[in-house]
Amino acid sequence: MSRRHEGEQGAALIETALIASLVTVLAIGAAEMGFALLDWLAVSSATREGARTGSAAGDDAAADTLILAAVSQAMASNPSAVVKEVWVFRSDSTGAVTDPLTGTNIYRKTGGSFVCDNGCPWSPSSRNTNVESLDFLGIRVVFQHDWLTGMIPWFGSQTWQDDTIMRLEPDFS
């Protein structure tokens, strides 16, 4: 039979409290990172869906409307990532924005709909769908991720973005 020393009576309780606190913090942190990853994957999928739709629409007058609808529909299943902007831009094969002033349409979310903020200088009719020199179309989704627990107060809400680049489909008509 073991006997406790006089100074060890509360040691097990203190050790349990310290370990339980550490395990709880790690579990909450893992859950937060999991939710952030879900938001990122949803937005990444939405940019790809918008780029596929825009690539197929080519120089159709309603191309940007179709792109915005595809992005919105892809994001409908994940309401925790708040879409702030959708950029439709002319790109090169590396993914860089080739002309931010005349080749970029920036749509900001206002209320429940997207509004073109910069006059939409790159109209769908000016997109090159000629087989010899197809344009590259870029879609950028800028979104806000809110940390759920607020466990780390300086993280707050963060704005992230994701891009997808695709070549326009040729118009054989």
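We did not get these values from a lab; they are worked out from the coordinates using the rules stated. These figures come from a predicted structure and were not determined experimentally. Methodologically, a virtual Cβ is constructed for each residue, glycine included, from the backbone with ideal geometry; neighbour enumeration extends over all protein chains shown.
Laid out as a table, the results:
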{"item": "Reduced Cα scattering model of the range 9-167, Debye log10 I(q)/I(0), q = 0.08, 0.20 Å⁻¹", "result": "-0.32, -1.19"}
{"item": "Inter-probe distance in nm under a simple model that places probes 7 Å from Cα toward Cβ, at L37 and D92", "result": "3.5 nm"}
{"item": "Cα→Cβ-extended label distance, 7 Å offset, between L13 and N130, nm", "result": "8.4 nm"}
{"item": "Dipole axis of the chain (+1 Lys, Arg; -1 Asp, Glu on Cβ), positive-most option in M166, A56, T110", "result": "T110"}
{"item": "Longest segment of the chain lacking trypsin sites (Lys or Arg not before Pro) that sit in a DSSP loop with at most 14 other Cβ atoms within 10 Å", "result": "5-173"}
{"item": "With Cα atoms, 0 to 90° folded angle of helix 11-57 axis to the chain main axis", "result": "10 degrees"}
{"item": "Longest exposed-site-free window of the chain, the sites being chymotrypsin sites (Phe, Trp or Tyr not before Pro) in a DSSP loop that have at most 10 other C-beta atoms within 10 Å", "result": "1-153"}
{"item": "The chain: angle of helix 63-75 to the longest principal axis, Cα-based, in degrees nearest 10", "result": "20 degrees"}
{"item": "Cβ charges +1 (Lys, Arg) and -1 (Asp, Glu), total dipole of the range 9-167, debye", "result": "140 debye"}
